[in-house]
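Reviewing the structure listed below.
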Amino acid sequence: MIKKAGLTGLLLFGMFFGAGNLIFPPSLGALSGEQFWAAILGFVLSGVGIAILALIIGMLNPKGYVDEISQKITPWFATLYLVILYLSIGPFFAIPRTATVAYEVGVSPMLFEGMSEIGLIVFTLLYFAAAYFIALNPSKILDSIGRILTPIFALLIVILVLLGITKYGSNLPQSAIGDYAKSAFGTGFIEGYNTLDALASVAFSVVAVQTLKQLGFSSRKEYVATIWLVGIVVALGFSVLYVGLAYFGNHFPVPAEVMNSNVNKGVYILSQATQAIFGESAQWFLAVMVAMTCFTTTAGLIVSTSEFFADRFPRFSYRVYATIFTLLGLAVANLGLNAIIQFSLPVLLILYPITIVIVMLVVVNKWLSLSKIGMQLTVVFVTFVSAVSVLGEQFQISALTEWVNYLPFAAISLPWLIPALIGLGFALFLPNRQKGV
């Protein structure tokens, strides 16, 4: 059982830990300054705690989140929500982001000035061709990612973190700036959204179930125990690397002009620290580490997204969907990293609260009987508040922003929390309550 949990945990860790997981923690560490521990607590709570809970819940039901959401909300909402989610963590946001991070952190610094655009095109062509090759054989993903690539890139990251903390750990952190100075915990919590891990948990739970089926179990009890062990393995791996990378970034001496610029702080810290630690060989070390870290996520996302669409919309085969999503990811990747992060955040600010609430409803319903109408109202309340919040911020509509700010916990970026609890209250007391399986 331990061996099965370890292998599956390594596979999932490799698939999860990608671009955002690598660049956002050092950036958080630098920007949060003396508010570091509050910020990293918020980050780990949303980036690890919610993600692992969502993963475990998805693995406990062999039919996955499609079945859970269809039963508790409605089938059409399950399809709509999961299509948007898979496209977000797939070809439009996460897949291209992994490629651009691998390029900008590892490859771009080694190229001559003026070669950035053509370099990105060439790199992404080779990168996506390799990911597509692995994705065409999803049954072999445990061997290619879990047993081979994950241990290698994890070891490289651990080496960098340990050497970085040894070299810079005695430096005093800078003062918190921006939103971290106002609300370190809330900003860290929102920053955890950027990792996409809670959304990826919904997708990867299907891959995890298929992987566990290959390993075989003697009983349901052994299967459930293994799932919890898998969750522990992935949670520990994430938490250790997140805190290490963030602490490293917290003590790294970032110049004031960089701190006040639009330069991605995580990319800057990883690049500069690697050069300072490893000297002339630095960029090759960083290129290999980042490329392998991002590549495992890219392959895993192509597989999970293609499997979902092939199952839900069987008009086209898995191979056709894998081809389409690989080509879409390639096209979006060439927009560049900053553009991808900028247009993905509004979607994440709506999807994440909905995902958290769905997981909450599934968990509570396993212990308490809930009304279907009440659960539907809970999702409606949270979707409405999240959408209003994003519209107010994106279009600078002060009336909407002020209304959202009146809600409890808006100061820590959780304005949807009380509406969610009110909806849950309705679900507990409205008629026709049913208990989940």
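The values are calculated or read from the model by the stated rules, or taken from the named source; none is laboratory data. Keep in mind that this is a model prediction, so the values were computed, not measured. FYI the Cβ positions are ideal-geometry reconstructions off the backbone, even for glycines, and counts take in every protein chain you see. Quick note on the areas: whole protein, heavy atoms, side chains included, nothing else; ligands and nucleic acids left out. Shrake-Rupley method; radii C 1.70, N 1.55, O 1.52, S 1.80 Å.
Listed here are the residues, each with its yes/no results for (1) among the β-branched types (Val, Ile, Thr); (2) more than 30 Å from Arg312 (Cβ to Cβ); (3) open to solvent by 20 Å² or more (accessible area, probe 1.4 Å); (4) in contact with a strand residue (DSSP E or B) (Cβ under 8 Å, 6 or more places away or on another chain).
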residue	(1), (2), (3), (4)
Ile2	yes, yes, yes, no
Leu31	no, yes, yes, no
Leu41	no, yes, yes, no
Gly64	no, no, no, no
Ile69	yes, no, no, no
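Would you mind telling me which numbered condition in (1) open to solvent by 10 Å² or more (accessible area, probe 1.4 Å); (2) modelled with pLDDT of 80 or more Thr274 fails?
Of the numbered conditions (1) open to solvent by 10 Å² or more (accessible area, probe 1.4 Å); (2) modelled with pLDDT of 80 or more, the odd one out for Thr274 is (1).
Are any of the residues in the stretch 389-399 within 28 Å of the chain's Cα centre (by Cα), part of a helix (DSSP H, G or I) and of a type in the set (D, E, K, R)?
Scanning the stretch 389-399 turns up at least one residue that is within 28 Å of the chain's Cα centre (by Cα), part of a helix (DSSP H, G or I) and of a type in the set (D, E, K, R).
Are any residues in the stretch 84-124 in contact with a Gly (Cβ under 7 Å, 6 or more places away or on another chain), open to solvent by 10 Å² or more (accessible area, probe 1.4 Å) and β-branched (Val, Ile, Thr), and if so, which ones?
Correct list: Val107 only.
Can you tell me which residue is surrounded by the most Cβ atoms within 10 Å (Cβ to Cβ) among those in the stretch 376-401 that are of a type outside the set (Val, Ile, Thr) and within 30 Å of Ser70 (Cβ to Cβ)?
Residues of the stretch 376-401 that are of a type outside the set (Val, Ile, Thr), as a first pass: 376-377, 381, 384, 386-387, 389, 391-396, 398-400.
Subset that is within 30 Å of Ser70 (Cβ to Cβ): 376-377, 381, 384, 386-387, 389, 391.
On the way: Gln376: 18, Leu377: 19, Phe381: 20, Phe384: 12, Ser386: 22, Ala387: 16, Ser389: 24, Leu391: 16.
Among those residues, the one meeting the criterion is Ser389.
Residues of the stretch 402-415 being open to solvent by 20 Å² or more (accessible area, probe 1.4 Å), under 18 Å from Leu391 (Cα atoms) and not aliphatic (A, V, I, L, M), which ones?
Glu402, Trp403, Asn405, Tyr406, Ser413
crowded, with 20+ Cβ neighbours inside 10 Å and closer than 19 Å to Gly18 by Cα: which single residue out of Val240, Val202 fits that description? I'd like the intermediate steps shown before the answer.
Values: Val240 fails: crowded, with 20+ Cβ neighbours inside 10 Å.
Just a single option satisfies the conditions, and that option is Val202.
Which is aromatic (Phe, Trp, Tyr) and open to solvent by less than 30 Å² (accessible area, probe 1.4 Å), of Phe316, Phe309?
Phe309
Could you go through the stretch 370-388 and let me know if any residue there is in a helix (DSSP H, G or I) and within 30 Å of Ala99 (Cβ to Cβ).
The answer is yes, given that some residue of the stretch 370-388 is in a helix (DSSP H, G or I) and within 30 Å of Ala99 (Cβ to Cβ).
Could we say that Val209 is buried (at least 19 other Cβ atoms within 10 Å of the Cβ), assigned by the TED database to the domain that holds Tyr65 and farther than 24 Å from Ala99 by Cα here?
Values: buried (at least 19 other Cβ atoms within 10 Å of the Cβ): yes; assigned by the TED database to the domain that holds Tyr65: yes; farther than 24 Å from Ala99 by Cα: yes.
It is true that Val209 is buried (at least 19 other Cβ atoms within 10 Å of the Cβ), assigned by the TED database to the domain that holds Tyr65 and farther than 24 Å from Ala99 by Cα.
Can you confirm whether Phe409 is in contact with a helix residue (DSSP H, G or I) (Cβ under 6 Å, 6 or more places away or on another chain) and on the phi > 0 side of the Ramachandran plot?
It is true that Phe409 is in contact with a helix residue (DSSP H, G or I) (Cβ under 6 Å, 6 or more places away or on another chain) and on the phi > 0 side of the Ramachandran plot.
Under 8 Å between Cβ atoms, at least 6 apart or on separate chains: pull out the pairs that start in the stretch 174-203 with a residue that is part of a helix (DSSP H, G or I) and modelled with pLDDT of 85 or more and end on any residue that is open to solvent by 10 Å² or more (accessible area, probe 1.4 Å) and of a type in the set (D, E, K, R).
Note: pairs meeting the criteria are Gly186/Asp179; Thr187/Asp179.
Every residue, every condition in (1) closer than 13 Å to Leu349 by Cβ; (2) in contact with a Leu (Cβ under 7 Å, 6 or more places away or on another chain); (3) of a type outside the set (Asp, Glu), yes or no:
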{"position": "Gln396", "(1), (2), (3)": "no, no, yes"}
{"position": "Leu400", "(1), (2), (3)": "no, yes, yes"}
{"position": "Asn405", "(1), (2), (3)": "no, no, yes"}
{"position": "Ala411", "(1), (2), (3)": "no, no, yes"}
{"position": "Pro415", "(1), (2), (3)": "yes, yes, yes"}
{"position": "Pro419", "(1), (2), (3)": "no, no, yes"}
{"position": "Ile422", "(1), (2), (3)": "no, no, yes"}
{"position": "Ala427", "(1), (2), (3)": "no, yes, yes"}
{"position": "Pro431", "(1), (2), (3)": "no, no, yes"}
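Filter the stretch 259-283 down to the residues that are among the aliphatic types (A, V, I, L, M) and within 23 Å of Thr98 (Cα to Cα) and list them by number.
Listed by number, the residues that qualify are Val263, Val267, Ile269, Leu270, Ala273, Ala282.
Scan the stretch 296-314 for residues that are of a type in the set (A, V, I, L, M, F, W, C) and not in a loop (DSSP other than H, G, I, E, B) and jot them down.
Ala299, Leu301, Ile302, Val303, Phe308, Phe309, Ala310
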